[in-house]
Amino acid sequence: MSKFQVPRGTQDVFGKEVRQWHKIEALIKEMMNVYGFDEIRTPEFEHTEVFARGNDSSDVINKEMYTFMDRGDRSLSLKPEGTAGLIRSFVENKMYTQPDMPFKYYYVSPCFRYERPQKGRMRIHHQFGVEVLGDKTPYIDAEVIGLGLTFVRTLGLNELKVLVNTLGDNESRTSYKTALKEHFKPDLHTLCSDCQRRYEQNPLRILDCKVDANHSSILNAPKLRDYLNEESKNYFEDLIRILKDSGVEVEVSDRLVRGLDYYTHTVFEVVSVNKDMGSQATVFGGGRYDSLVSDFGGPELSGIGFGMGIERLLVALNAEGIDLADEKELDVFCVTLDDEALDYAYHLSNFLRLNGYKAEYDYYRKSFKSQFKSVERKNAKIVILLGKDEMSKGQVVLKRIETQEQVTVSENEILHQLDHWLNEDHVCDHDHQHGGEHE
Ligand SMILES: [Zn+2]
Ligand SMILES: [Zn+2]
């Protein structure tokens, strides 16, 4: 075993895999631009109280944070999730003073959780998340769920299920919590120790306990939907209608409460139903929160967002047999026929790169045969042959690998010829000799 290894629960990303990340990141930027979301980048660590506010029952906050004292004796924590830091920044920078509600933001950030590593569940994972802040309307909830769904479908995911639930407003939830406490009270001693803590902090979380999932007391627990007031009921019905009208099939899941305490009204999860995904099937999930912005000292604004783990997303893509990485390709490989051409190959390659072509040459001037092996390995589309005879006449030979066409052109015709072969929108506005016919 080598002395130097990555820490448990972390990984290196390289080769084909990093090219898949590039595809995902590019689509995030493209879609967020189209949907009108601005990016916010917040620090990888914050003062611990940004994440651990008051009496939160979640495992993420209670058991899994990387918390440390810095050299100035301040308690800091590595970001366990993306929302809290973003809201802190939104309030601290008074972004709410801009005129146009709602405020739409996104982030892509590493998150750190000390938990047992599993497939697609790492101690450092990367989250793509969105948050929309402003007065609440079910149209925003529908947009957030819909755009997440469009995003993963654009990448190719197909085997998906959309779970939604409502936790109702504060009034509904308070009466439900009271009912839950009454219901669980006689059986409390038979539930796990986490549930006993949750009983005091947030009895709702007992409903998604993994340990007690089949406990009769949980299976027979009262349903939140029976405690919703009119307003909460209408809000949820409107959301379901808007989603259905836009072609999103949803399943209402009574026991979906999500892992964080601050949710109100809508919560949702989009899960992969691929058989290889097992218990780690959530592709993204989130919900609405009414008091988070004001908890951070901002105005009374509601918000809704989702978080999507990119590592998990890749596992789900892989389970469906989707590989986002393109084959590596090269536009031009400059093959040198003699030592005299090496300087020229260096300059020409850089000239081509400045003009936007992916160009390479053989720095070591290996044999002709091994240069052509590189042409093959690197998937070059065009070879430029450089030798002292042609150079003395101010000419080069270009060869198109796909069709084996070959033309000799003067130096100042190289760019035109490349464009002619590589650019589908190529326009020939002057008469000249080059290989291949224009369509
Ligand atoms: Zn439990
Ligand atoms: Zn042309």
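The values are calculated or read from the model by the stated rules, or taken from the named source; none is laboratory data. All values derive from a computational prediction rather than experimental measurement. Neighbour counts are summed over all protein chains in view; Cβ atoms, including those assigned to glycine, are modelled from backbone coordinates with ideal geometry.
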Mind listing whichever residues of region 177-215 are within 13 Å of ligand 1 (Cβ to nearest atom) and exposed (fewer than 12 other Cβ atoms within 10 Å of the Cβ)?
-> His189, Ser193, Lys210, Val211, Ala213, Asn214
Please go through region 66-82 and pick out each residue that is assigned to a loop (DSSP other than H, G, I, E, B) and surrounded by fewer than 19 Cβ atoms within 10 Å (Cβ to Cβ).
-> Tyr66, Asp70, Arg71, Gly72, Asp73, Arg74
Return yes or no: is Leu157 within 34 Å of the chain's Cα centre (by Cα), away from ligand 2 (no atom under 16 Å from the Cβ) and modelled with pLDDT under 95?
-> no
Hey, Ser232 touching a strand residue (DSSP E or B) at 6+ places or on another chain (Cβ under 7 Å), at pLDDT 90 or above, more than 29 Å from Glu159 (Cα to Cα) and among the hydroxyl-bearing types (Ser, Thr, Tyr) or not = yes
Residue check for Glu25: part of a loop (DSSP other than H, G, I, E, B) and either of a type outside the set (Phe, Trp, Tyr) or within 18 Å of Val91 (Cβ to Cβ) (or both) | no
Residue check for Glu30: surrounded by 11 or more Cβ atoms within 10 Å (Cβ to Cβ) and over 16 Å from the mean Cα position of the chain (by Cα) = no
Leu147 within 30 Å of Ala319 (Cβ to Cβ), buried (at least 17 other Cβ atoms within 10 Å of the Cβ) and not β-branched (Val, Ile, Thr) | yes
The residue from Leu348, Leu301 that alone is crowded, with 20+ Cβ neighbours inside 10 Å and in the same structural domain as Glu131 (by TED's automatic domain parsing) is Leu301
Glu340 fails exactly one of the following numbered conditions: (1) at pLDDT 95 or above; (2) part of a helix (DSSP H, G or I). What is the number of that condition?
-> (1)
Subset of region 34-86 that is more than 21 Å from the chain's Cα centre (by Cα) and at positive phi - its residue that is modelled with the highest pLDDT = Asp73
Tyr96 surrounded by 14 or more Cβ atoms within 10 Å (Cβ to Cβ), touching an Asp or Glu at 6+ places or on another chain (Cβ under 7 Å) and either in a helix (DSSP H, G or I) or in the same structural domain as Gly247 (by TED's automatic domain parsing) (or both) = no
Applying the selection to region 304-318, what residues are of a type in the set (D, E, K, R) and surrounded by fewer than 22 Cβ atoms within 10 Å (Cβ to Cβ)?
-> Glu311
Strands (runs of 3 or more DSSP E) lying entirely in region 352-431 (those with 3 or more residues that are in contact with a Phe, Trp or Tyr (Cβ under 6 Å, 6 or more places away or on another chain)) | 380-386
